[in-house]
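Chemist: Let me give you the structure first, and then I'll get to my questions.
We did not get these values from a lab; they are worked out from the coordinates using the rules stated. Keep in mind that this is a model prediction, so the values were computed, not measured. Using ideal geometry, Cβ is built from the backbone for each residue, glycine included, and neighbour counts are taken over all protein chains shown.
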Amino acid sequence: MLKKSVFIFRNLHQDLWSAWNFNMQGLVFHANDLLLENAEFRVRENARQQVIRERRKVVHAGVRGIVTSFREQDIRGWQRVRYNPYEGPHFVRVSDGSPVFFADKVYFRGDGKVFARGIR
């Protein structure tokens, strides 16, 4: 199991989740499903503004943390989280639109949806 800090983002070309390792300065894997712990949700505001200005997709948002599983998870009781650069500068809870910055666990599902537990 990969126990290093990675940055997870949606790879729109391959319709998968991709992981970037900052120490290696490169992609380390692609996955359909994965679980991240000690997660921090990040948005690079300058790149977000570029997306808005140019109406072109650029990797600028994702979640940093430790990968602990590549298996499907039971997400009962978890909250769905989403991000849209045109709607605001943060990841938000789908239920009420409140910003999300950290979570104990984040599950990235193969269909592109994200769920979190222990949001703070």
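Chemist: Pop a pseudo-label 7 angstrom from the Cα along the beta-carbon direction at both Met24 and Arg44 and give the gap in nm to one decimal.
Modeler: Calculated label separation equals 1.9 nm.
Chemist: In debye, nearest 20, what is the charge dipole magnitude of the chain about its Cα centre with +1 on Lys and Arg Cβ and -1 on Asp and Glu Cβ, if you could check?
Modeler: Charge dipole, the chain, about its Cα centre: 180 debye, nearest 20.
Chemist: Follow-up. Dividing the alpha-carbon Rg of the stretch 72-120 by 2.2 N^0.38 Å yields what?
Modeler: Expressed relative to 2.2 N^0.38 Å, the Cα Rg reads 1.08.
Chemist: For the chain, calculate the relative contact order in percent as a whole number, restricting contacts to Cα pairs under 8 Å that are 6 or more residues apart.
Modeler: Across the chain, relative contact order equals 28 percent.
Chemist: Please compute the net charge surrounding Gly65, taking Lys and Arg as +1 and Asp and Glu as -1 over other residues with Cβ under 10 Å from its Cβ.
Modeler: Working: positive: Arg64, Lys105; negative: Glu37, Glu40, Asp104.
In short, -1.
Chemist: Right, here's the next one. Could you identify which residue out of Asn84, Asn46, Asn32 has the top mean-square fluctuation in a GNM of the chain using Cα springs shorter than 10 Å?
Modeler: Sorting by GNM fluctuation, first place goes to Asn46.
Chemist: Further question: Return an integer: the convex hull volume of the alpha-carbon atoms of the stretch 5-119, in Å³ per residue.
Modeler: Given the Cα convex hull of the stretch 5-119, per-residue volume reads 100 Å³.
Chemist: Can you pull out the GluC sites (Glu not before Pro) in the stretch 26-88 whose DSSP state is coil and whose Cβ has at most 13 other Cβ atoms within 10 Å?
Modeler: Loop-located and lightly packed - Glu72, Glu87.
Chemist: While we're looking at this one, here's another question. Cross-link partners among aspartates and glutamates for Lys105, C-alpha distance below 18 Å, same-chain residues fewer than 8 apart left out?
Modeler: Asp33, Glu37, Glu40, Glu72, Asp74
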